[in-house]
Amino acid sequence: MRDINLDIAGGELVALLGPSGCGKSTLLRIISGFIRQTEGRVLFDDSVVDALSPAERGVGIVFQNYALFPHMSVGENVAYGLQAHKWPRERIGKRVAEMLDLVHMGEFASRKPRELSGGQQQRVALARCLAIDPKVLLLDEPFGALDKNLRLDMQIEVKRLQRQSGITTILVTHDQEEALSMADRIAVMSRGHIEQVSTPTGIYDTPQTLFVNEFVGTTNVLRGEFIEGPAVRLEHGPILPVGPDKAFQQGRAVVVSIRPEQLRFRPAPSDGAFAAVITTVLPLGAQVVYDVALTGGPSLKIAEPRDAEGGLRPVGATVYLAPASPAACNVFPAS
Ligand SMILES: Nc1ncnc2c1ncn2[C@@H]1O[C@H](COP(=O)(O)OP(=O)(O)OP(=O)(O)O)[C@@H](O)[C@H]1O
Ligand SMILES: [Mg+2]
């Protein structure tokens, strides 16, 4: 890991988002105290916690691989942390039942972890972690093994609990929708460092690097050179005006990134519209995504809301398209 500088406010939910192997779990283990970093400091409430064990740091952690105690029943697993935290015995039973209900595992209290599915183990791990009312909640892909409906239930439940009790939470995920929907802020990671920390809409609308732009959401990337305007002369010819906030040296090799939903069909050839031929039609429910081949240029994806009356545009049709606005074009230096 290098150049990690992340300041998380009390009660905030921050997602660490990035591809497999980028260091999300490692960073979480450093924060929790399961790995000791070789450089730098971890602070909770302005005090350095580097010398403290995970228990002393008051963190609750759900590991990527669940890590339940195999010889204990589900109920005993959830009770374990409460006993360690010296909860009075008469309150433990009630708390365990409450937590298991929360994750829809009430009827499995006497099972052993090996008698559960992966998603069930994951839910028990979540219940065990939440039971102790941790000051900081660290979740490493806590919903990874759940099907879509259960995953959504658990996401809503965790977010509700987190809001209600104001637990500062770090959620590791490689699922961008999960990060966009749950987090107050997202830290996008790549190769052991943080590329950008912003709100979900900030990450999506104003990515600071091409990596962030391509990793979160879908985008079209076109090569060209930066010219006065400001604009970009695309490799296949046309000139594309870009937002006035874009500033590069004249002639600098750049890439322009435009999201599919930021492209618009135009009724006729017009200034600045690209001619293209539709090659693939993907009706995705509420939206239709068209793959189009630009005349003399690369292929682009363009999305539009599906019009139930109007039907789909046919494969082979010639169309004209342009960005919704110059501001919809993000420009990055070409590597
Ligand atoms: N104990 C270790 N010793 C050496 N290298 C390790 C160790 N643990 C992990 N790594 C390496 O560090 C990098 C980051 O691993 P990490 O587990 O943090 O990734 P991740 O972002 O959580 O990925 P995933 O989404 O697959 O869980 C990987 O390249 C991994 O091989
Ligand atoms: Mg991991």
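Odds and ends about this structure:
- Ranked list, fewest to most other Cβ atoms within 10 Å of each Cβ, for HIS236, HIS174, HIS71: HIS71, HIS236, HIS174
- Here the relative contact order of region 225-335, from alpha carbon pairs under 8 Å that lie six or more residues apart, stands at 33 percent.
- At most 11 other Cβ within 10 Å, DSSP loop - trypsin sites (Lys or Arg not before Pro), region 53-134: LYS86
- With Cα atoms defining each centre, region 1-62 and region 81-130 are spaced 25 Å apart in the structure.
- Taking the inverse of the mean 1/r over every pair of distinct Cα atoms in region 222-335 gives a Kirkwood hydrodynamic radius of 14.6 Å.
- For region 13-207, pairs of C-alpha atoms spaced more than 20 angstrom apart make up 56 percent of the total.
- Our note on the geometry: Cα centres of region 199-215 and region 280-335, 20 Å apart.
- Contour excess over end-to-end distance, with Cα ends at ASP7 and ALA334 and 0.36 nm allotted per residue: 114.7 nm
- For the chain, built as a Gaussian network whose Cα springs stay under 10 Å, the top-fluctuating residue of PRO54, PRO283, PRO323: PRO283
- Loop-exposed GluC sites (Glu not before Pro) per DSSP, neighbour cap 12 Cβ within 10 angstrom, longest uninterrupted part of the chain: 40-227
- P(r) tail fraction, the chain - alpha-carbon pairs more than 35 Å apart, %: 38 percent
- Dividing the helix sum by the residues of the chain, where each DSSP H run of 4 or more adds -39500 (n - 2.57), gives a mean residue ellipticity at 222 nm of -8000 deg cm²/dmol.
Quick note: the coordinates plus some simple rules give every number you see, no bench work behind them. Not measured: the values here are computed from a predicted model. Note: ideal-geometry Cβ built from the backbone for every residue, glycine included; neighbour counts use all protein chains shown.
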